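Presented below is the structure to which this report refers.
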Amino acid sequence: GAHARGKGLAIQDLSCGDRHAKPWRGNQARQRLECQRDTPVTTLTPIVRILLIAWAALWVLGFLVQLGAEPLAYTLGFSPEGVVDGQIGSILGFAVYPFLHDSTGIWHLAINCLLLFYFGPEVERLNPGNRFLRLLVTAAVAGAAARFVLYLLTDGFGGPVVGGSGLVSCCFAFLAAV
């Protein structure tokens, strides 16, 4: 849109093609969101597409490869108890838990994929490239840290962490804040 200066604040025309719309002042990310609100978004963005494919592929792999009675996701997931015990696999789990979902049921994966499909592309458009990756990494680290603290405070609150729900929640929170 056209830029003008008035009273020291940038004014940007957010008409989205309407020449008679009023200029809007404020946060640029919110301006882009307001401008795009009337336009249906039907395309996946690159990082969201890769994440959805990775989630599905790892779920299928976990479904096909069960390690005994223990699902693959729980074997490779983030385990606060394993970190406290010094198990090296738990440190690996810290890095991979957002990509793993329980292969014994599909609902966790399906809901995460659906919600990321709807909300992730908008967040990626507002935070292109590395900014979106940093946002997701921050969400994953914060989720694991919160789970670890909860484990320590509750004297062993339960089991390994798997799934991308923290990433999806991060997208919700970002869109709510914008």
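The values are calculated or read from the model by the stated rules, or taken from the named source; none is laboratory data. If you're wondering where the values come from, they're calculated on a predicted model, not measured in any experiment. Virtual Cβ from ideal backbone geometry, glycine too; neighbours counted across all protein chains shown.
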**OP:** Would you check if there is a residue in the stretch 13-32 being farther than 26 Å from Gly164 by Cβ, in a helix (DSSP H, G or I) and either in contact with a strand residue (DSSP E or B) (Cβ under 7 Å, 6 or more places away or on another chain) or modelled with pLDDT of 65 or more (or both)?
**Re:** yes
Original post:
Which pairs have Cβ atoms under 6 Å, sit 6 or more apart or on different chains, and link a residue in the stretch 125-145 that is free of Cβ contacts under 8 Å to residues at least 60 places away in the same chain to one that is not in a helix (DSSP H, G or I)?
Top reply: Leu135/Asn127
Original post:
Of the residues that make up the stretch 103-118, is at least one surrounded by 21 or more Cβ atoms within 10 Å (Cβ to Cβ) and of a type in the set (Phe, Trp, Tyr)?
Top reply: no
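Scan the stretch 149-169 for residues that are under 15 Å from Val84 (Cα atoms) and either out of contact with any helix residue (DSSP H, G or I) (no Cβ under 9 Å at 6 or more places or on another chain) or modelled with pLDDT of 80 or more (or both) and jot them down.
Passing the criteria: Val149, Leu150, Tyr151, Leu152, Leu153, Thr154, Asp155.
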**OP:** For residues that are without any contact (Cβ under 8 Å) to a residue 60 or more places away in the chain and hydroxyl-bearing (Ser, Thr, Tyr), scanning just the stretch 146-169, find the one that is surrounded by the fewest Cβ atoms within 10 Å (Cβ to Cβ).
**Re:** Thr154
